[in-house]
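Colleague: Can you read through this structure? Questions will come right after.
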Amino acid sequence: MPGHLARDNDGDWAPDPWIWDDQALVVHVRNQGLVVLSACSHSGIINILHYARKLTGVNDIYGVIGGLHLSGRVFEPIIPDTVAALSDMAPKLVLPGHCTSWKAQHAIARALPDAYVQTCTGTRVRVG
């Protein structure tokens, strides 16, 4: 993440490639695949999905729900690559959340029209 810093051993601020504050819930829904609920995807939603596959040994991604951290000038350049990688994974549901951005939401909706679900407070999702 650009601008992500941590104190080094000398107490100085330095670029930090590790994102320790990221959180996601991974659920394996029988006969469907993985549903990943991401808080904000600071480490990148595609990285999170690859890690979920690695942890579970399950390749199918059924759903992606939550913030995809694709807003602002710093992250807009990675929208096309993120959407392409997400399309390759072919989830059945994509419910982008709060920090996804209008541009990223529309790119996802164009690339995955049958999977994209516009969300708002109170949206309910039933899987399985």
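Colleague: Just checking, how many residues over the stretch 96-128 are touching a Gly at 6+ places or on another chain (Cβ under 7 Å), without any contact (Cβ under 8 Å) to a residue 60 or more places away in the chain and of a type outside the set (S, T, Y)?
Modeller: 3
Colleague: Give I79, I65 a once-over and let me know the one that is surrounded by 15 or more Cβ atoms within 10 Å (Cβ to Cβ), in contact (Cβ under 8 Å) with a residue 24 or more places away in the chain and more than 18 Å from R124 (Cα to Cα). Break it down into steps so the answer makes sense when it comes.
Modeller: Values: I65 fails: more than 18 Å from R124 (Cα to Cα).
Only one candidate qualifies: I79.
Colleague: Take the residues in the stretch 2-26 that are free of Cβ contacts under 8 Å to residues at least 24 places away in the same chain and assigned to a strand (DSSP E or B), then tell me which one is nearest to the chain's Cα centre (by Cα).
Modeller: Filtering the stretch 2-26 for residues that are free of Cβ contacts under 8 Å to residues at least 24 places away in the same chain and assigned to a strand (DSSP E or B), the one nearest to the chain's Cα centre (by Cα) comes out as L25.
Colleague: Suppose we filter the stretch 38-59 for residues that are surrounded by fewer than 17 Cβ atoms within 10 Å (Cβ to Cβ) and either under 15 Å from the mean Cα position of the chain (by Cα) or at positive phi (or both); how many remain? Spell out how you get there, then give the answer.
Modeller: Pass one, the stretch 38-59, residues surrounded by fewer than 17 Cβ atoms within 10 Å (Cβ to Cβ): 47, 50-51, 54-59.
Checking the rest, the ones that are also either under 15 Å from the mean Cα position of the chain (by Cα) or at positive phi (or both) come to 47, 50-51, 57.
Of the residues in that region, 4 qualify.
The rows are residues; the columns are (1) closer than 18 Å to I19 by Cβ; (2) at pLDDT below 95.
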site	(1), (2)
A52	yes, no
L55	yes, no
G63	no, no
L93	no, no
V127	no, yes
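The values are calculated or read from the model by the stated rules, or taken from the named source; none is laboratory data. Keep in mind the model is a prediction, meaning the values are calculated, not measured. Every residue, glycine as well, gets a Cβ built from its backbone with ideal geometry; the counts of neighbours run over all protein chains shown.
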